[in-house]
Amino acid sequence: GDLRALSPLSENAQKVIDDAVVEVGLDRLTIAADILAEGNTYDLTDPLSVLEVQWESESRQGGAQRTMIPQARGENNGGDKKQFRIPVYLTTDDFSVGVRVLRASQRNGNPIDVSQVKAATRRVNEGIEDATINGAGVTVSGNGAYGILNHPDRNNFVYGSGLAWDNVSKTGQNIVDDVLGMIDAAQADKKFGPYNLYVPTTYGNKLNNDFKANGTITIQQRLEQITAGGRNLRIRTADYLPANKTAMIQMTDDVVDMINGQAPTVIPWASPDGFTLYWMVMAIMVPRVRSDYDLKSGVVVGYTS
């Protein structure tokens, strides 16, 4: 309600703009949308007042005991702790309309043009997806907001023979071997799934090819037969991934989640003279890539040598 208090439009007219944001929804989100769909969220109340989020990881100490009597005392373990912080930044895009253009539209009985608000919402979504993949480039008091590809604790995996997946000599079995190698890297860090595998657009096209000549399944279908963490591997094409890079992610909230303060929302206001109407689409959605106390990660990035 506070964000809408400065709206120069009637409630019904403003609702048309709000509905345009809802219509765009999760357009341009792939990895970020999957994080939300998994329920991997850390929800904020009064998000504009939260400048950073802090959390702790604790070292492993001792172990469980086996006993015949419940009152037997345990080791009362207390491990060492590390603190992590991430800035809670805003993702915004804005646009304006002159009052004469708006009044002319009203005079002619034309509906409000919502193309600008839809475009702004998509740009905000693109910003969230880009931050999920490449990081936000925001650092406050030495604390950064990393993405999947630039988190310092990610695992790196070089494709077999250093060949890109869309290389003509790369076979379906070669790609399966690469994916199994990425799973091995995750499991070496004691991250056992479930996994999603994200590929760039050209790799997504390659995975539509037959797994074997004159075969009955595609490479993607063969990959999706791999099971880990209680379900099959999921393959998703994320067009914001750079060429020749893939990302395998354990889809649990101790590996990746979304600090969720506010979904994309339209904030309206007018210039002091009333001749220009402004709108901002603002989101407070911060992807958080996490590692454990030992700096082990459930993210594996594949690339060519």
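The values are calculated or read from the model by the stated rules, or taken from the named source; none is laboratory data. All values derive from a computational prediction rather than experimental measurement. Note: ideal-geometry Cβ built from the backbone for every residue, glycine included; neighbour counts use all protein chains shown. What goes into the accessible areas is simple: the full protein's heavy atoms, side chains included, and nothing from ligands, DNA or RNA. Shrake-Rupley method; radii C 1.70, N 1.55, O 1.52, S 1.80 Å.
A compact table of results
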| item | result |
| --- | --- |
| Candidate lysines for bridging to residue 15, where Cα separation is under 19 Å - those fewer than 8 sequence places away on the same chain excluded | 118 |
| Set of lysines with alpha-carbon distance to residue 296 below 30 Å, sequence-local pairs under 8 removed | 81, 82, 190, 191, 245 |
| Distance (nanometres) between label positions extended 7 Å along Cα→Cβ at residue 270 and residue 119 | 2.5 nm |
| Exposure of residue 115 as accessible area (Å², to 10), given a probe of 1.4 Å and all protein chains | 60 Å² |
| Full-extension gain in nm, residue 97 to residue 140, via 0.36 nm per residue minus C-alpha separation | 12.1 nm |
| Matching label, log10 I(q)/I(0) by the Debye sum over Cα atoms at q = 0.06, 0.09, 0.15 Å⁻¹ computed from the structure shown, candidates (1) -0.20, -0.45, -1.26; (2) -0.28, -0.59, -1.14; (3) -0.23, -0.51, -1.31 | (2) |
| Heavy-atom surface of the chain, accessible at 1.4 Å and reported per residue (Å²) | 53 Å² |
| Long-range HN-HN contacts of residue 235 with modeled amide H, under 5 Å | 197 |
| Under 14 Å from the residue 210 label point (7 Å along Cα→beta-carbon), backbone N, segment 163-184 | 172-173 |
| Solvent accessible area, Å² - residue 212, 1.4 Å probe, full protein context | 130 Å² |
| Stretchable slack from residue 294 to residue 156, in nm (0.36 nm times residue separation minus alpha-carbon distance) | 48.0 nm |
| Spin-label model distance (nm) - residue 58 vs residue 253, 7 Å beyond Cα toward Cβ | 1.7 nm |
| Spin-label zone in segment 268-305 - amide nitrogen under 12 Å from a point set 7 Å from the Cα of residue 184 along the C-beta vector | none |
| Positive-end residue of 295, 101, 226, charge dipole of the chain with Cβ unit charges | 226 |
| Largest-first ordering by accessible area, 1.4 Å probe, given options 36, 90 | 90, 36 |
| Most to least accessible of 85, 100, 66 (protein chains only, probe 1.4 Å) | 66, 100, 85 |
| Carbon + sulfur, % of accessible area of the chain - ligands and nucleic acids excluded, 1.4 Å | 47 percent |
